[in-house]
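Chemist: So that we are looking at the same thing, I have put the structure below in structure tokens.
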Amino acid sequence: MTPGPAPRDLAIVGAGPAGMAAAVEADALGLSVVLIDEQPTPGGQVFRAVEAGAGDPAGDPAGDSAGDPALAGEDRDSGARLVAGLRAAIGASARLDYRPRTALWHLDADAGLLSTVTDGAAGEVAARRVLLATGAQERPVPIPGWTLPGVLTAGAAQILLKTAGAVPEGAAAIAGQGPLCWLLAVQLLRAGAGPLTLLETSSGGALPRALRAGGLWSGRAALRKGVSLMREARARGLRVVPGVRGLRAGGDSRLRRVAWEGGTLECGTLLLHEGVIPSTHVTRALGLAHEWDAGQFCWRPRLDAWGATSHPAIAVAGDGGGIGGWEAAVAAGRLAALDAAYRLGRLDAAARDARAAPPRAALRRALALRPFLDRLYAPSPAVLAPPDDATVVCRCEEVTAGQVRAAARLGATGPNQVKAFLRAGMGPCQGRLCGTTVAALVAGARGIPVPAAGVLRPRAPYRPVTVGALAGPLPEADDPIG
Amino acid sequence: MVEVLVGDRPVLVPAGASAAAAVLLSDLPAIRTTPVSGAPRLPYCMMGVCFDCLAEIDGVPNRQACMVTVAPGMRIAPQRGVRAA
């Protein structure tokens, strides 16, 4: 056997705010870095296609719409600056290897070996340390009819607007809660969408509870931004229905109407959003220690103040370690890079701690409003565990809430047992969209707290990879053949 | 703009958009039917999480259409029910 290429100091998975910031910081500290990302361009979900709109205030002559003024805003400019910073570092440093369109399908944590697939071709890269910056996913919103064509997530609608300039045709509804609902409403209305209704599911009394949680003074800038968004949305004709309960989507082969307790709306598009949860697919597959976040109703990997996990070579930064938003992710990415340099012997503890002061302060600022938002937008019990037994919870295998409850009564103690009983979580998405719901349903049926039901343990491959790709040669640019 | 084929229909989509965006712009009623009940599906999450946009792209089945960037002449075909062995 010939020895493989020398391992990189640091492999970063995900080129969103956390991954980009970590890559730039680690490169500046002299570390060799490989940055892999599933998207064709850096930015993550929050700054998707942000480069296409940067520096192009007059719009885009090619007819592409990422330069759409509907998306303009101070956050987009910040995102464009982050991406430009990464591009500059890539251009200036031979140590920084950026690999777009590259998905991680297996990680051997002990050997530091990442198995990837790029454009259908398998690859491998070795690294002394790994930083997972895989971000967030939208919380599943299992309502009756949510599998109908025409029902999408609010995030999906935002991606369609950012990358294809597309808005829903005809009447549309956004249902759920959280800042993204208002931001999306404004963006769709600015871009010329048809009649738009926001069905708000926030519970009564949420605002007083949230105000008691504090954090308002230091987070007032973000709050002011939110209030001005709400004002603009209403001025642009958004219809708002507060206190929506019992939401369901209706239609035969596609969405025709949305109904709730006391109301109904004919529409062809329904956009669901009940906040975001950490994307823990890889950290769970690795068997890292996780903890239940009671404020955000989700699991997250157990991390120290530098993002280090329970595995000595693996760290996590950004929303994948707990929802904090893009500014917190940037700070966490920098801290993780500093700690990587320390653990690799490139920086002593005193230098690391001194350099960590600015990102630590930024992290505190970014998280100041979080307790307020968590309480204001806590998901209702019906979102976590749909009460109607006929509701599909596993979209892939079409398993209903009633089937999961029945399995729990027969003795299934958590999502891993339900998977064996019913195939829930065994389909192509590997439980990304049903794992949390199944756990909550089992907990409800067994009368135990949700975290006591445990988490689904996914297996590699994390992403689909063909046998052909596995059988082909392993392309590694710096690996001479023979 | 880029022209792709969704089913047998040519569709113009902005460069940089995904195959799943092309599907939604095409008015196709479903990109796949489910293996269990044959229910119609269209893309749902657009960010690689739900796998409801699985399609046959340039002859390769079960690809996540939301993770594939459109290219001129790309053929995006629906998948029906249980895939052939």
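Chemist: Name the strands (runs of 3 or more DSSP E) wholly within region A:271-330 that hold at least 1 residues that are over 21 Å from A:Val383 (Cβ atoms) and in the same structural domain as A:Gln45 (by TED's automatic domain parsing)? So that I can check it myself, show each step before the final result.
Modeler: Details: elements: A:276-278, A:290-293, A:298-301, A:314-316.
So the answer is A:290-293, A:298-301, A:314-316.
Chemist: Do we have A:Glu124 as within 30 Å of A:Thr400 (Cα to Cα), touching a residue at least 12 places away in the same chain (Cβ under 8 Å) and among the acidic types (Asp, Glu) here?
Modeler: For A:Glu124, the condition - within 30 Å of A:Thr400 (Cα to Cα), touching a residue at least 12 places away in the same chain (Cβ under 8 Å) and among the acidic types (Asp, Glu) - is not met.
Chemist: Could you list, in sequence order, the residues of region A:164-201 that are among the hydroxyl-bearing types (Ser, Thr, Tyr) and outside any loop (DSSP other than H, G, I, E, B)? Explain how you work it out, then say what you get.
Modeler: Of the residues in region A:164-201, the ones among the hydroxyl-bearing types (Ser, Thr, Tyr) are A:197, A:201.
Of everything in region A:164-201, just one residue is among the hydroxyl-bearing types (Ser, Thr, Tyr) and outside any loop (DSSP other than H, G, I, E, B), namely A:Thr197.
Chemist: On the basis of being in contact with a Pro (Cβ under 6 Å, 6 or more places away or on another chain), assigned to a loop (DSSP other than H, G, I, E, B) and modelled with pLDDT under 90, does A:Gly204 make the cut?
Modeler: No; evaluated as a whole, the condition is false for this residue.
Let's see how each residue does on (1) in contact with a Pro (Cβ under 6 Å, 6 or more places away or on another chain); (2) not in a helix (DSSP H, G or I):
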site	(1), (2)
B:Leu5	no, yes
B:Ala22	no, no
B:Pro35	no, yes
B:Phe51	yes, yes
B:Ala71	no, yes
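Chemist: B:Gln79: at the interface with another protein chain (Cβ under 9 Å from one of its Cβ atoms), within 22 Å of A:Leu433 (Cβ to Cβ) and polar (S, T, N, Q), yes or no?
Modeler: So B:Gln79 does not fit the description; no.
Chemist: Is it the case that region B:2-10 has a residue that's under 21 Å from A:Gln158 (Cα atoms), more than 7 Å from every other protein chain (Cβ to nearest Cβ) and of a type outside the set (A, V, I, L, M, F, W, C)?
Modeler: no
Chemist: It is to be established whether one or more residues within region B:24-38 are more than 7 Å from chain A (Cβ to nearest Cβ), farther than 24 Å from A:Gly170 by Cα and in contact with a strand residue (DSSP E or B) (Cβ under 8 Å, 6 or more places away or on another chain).
Modeler: yes
Chemist: Suppose we keep only residues that are farther than 18 Å from A:Val117 by Cα and touching a Leu at 6+ places or on another chain (Cβ under 9 Å) within region B:60-74. Which one would you say is nearest to the other protein chains (Cβ to nearest Cβ)?
Modeler: Among residues in region B:60-74 that are farther than 18 Å from A:Val117 by Cα and touching a Leu at 6+ places or on another chain (Cβ under 9 Å), the one nearest to the other protein chains (Cβ to nearest Cβ) is B:Met74.
Chemist: Take A:Pro142 and tell me if it is assigned to a loop (DSSP other than H, G, I, E, B), in contact with a Leu (Cβ under 7 Å, 6 or more places away or on another chain) and within 14 Å of chain B (Cβ to nearest Cβ). If you could, list the steps in order and put the result at the bottom.
Modeler: Details: assigned to a loop (DSSP other than H, G, I, E, B): yes; in contact with a Leu (Cβ under 7 Å, 6 or more places away or on another chain): no; within 14 Å of chain B (Cβ to nearest Cβ): yes.
Here the answer is no, as A:Pro142 does not meet what is asked.
Chemist: Tell me, which residue of region A:115-139 that is in a loop (DSSP other than H, G, I, E, B) and more than 21 Å from the chain's Cα centre (by Cα) is nearest to the other protein chains (Cβ to nearest Cβ)? Please lay out each step first, then the result.
Modeler: Applying the first criterion (in a loop (DSSP other than H, G, I, E, B)) to region A:115-139 yields A:119-120, A:133-135, A:139.
Filter again for more than 21 Å from the chain's Cα centre (by Cα), leaving A:119-120.
Values: A:Asp119: 9, A:Gly120: 7 Å.
Among residues in region A:115-139 that are in a loop (DSSP other than H, G, I, E, B) and more than 21 Å from the chain's Cα centre (by Cα), the one nearest to the other protein chains (Cβ to nearest Cβ) is A:Gly120.
Chemist: Okay, moving on. Filter region A:154-190 for residues that are within 11 Å of chain B (Cβ to nearest Cβ) and either closer than 22 Å to A:Gly243 by Cβ or of a type in the set (Gly, Ala, Ser) (or both); which is surrounded by the fewest Cβ atoms within 10 Å (Cβ to Cβ)?
Modeler: By that ranking, first place goes to A:Ala166.
Chemist: Output yes when any residue across region A:377-393 is in contact with a Cys (Cβ under 8 Å, 6 or more places away or on another chain), at pLDDT 95 or above and not assigned by TED's automatic domain parsing to the domain that holds A:Ala22, and no when none is.
Modeler: Checked region A:377-393: at least one residue is in contact with a Cys (Cβ under 8 Å, 6 or more places away or on another chain), at pLDDT 95 or above and not assigned by TED's automatic domain parsing to the domain that holds A:Ala22.
The values are calculated or read from the model by the stated rules, or taken from the named source; none is laboratory data. As the structure is a computational prediction, the values presented were derived from the model and not from experiment. So basically every Cβ, Gly included, is an ideal-geometry build from the backbone, and we count neighbours across all protein chains shown.
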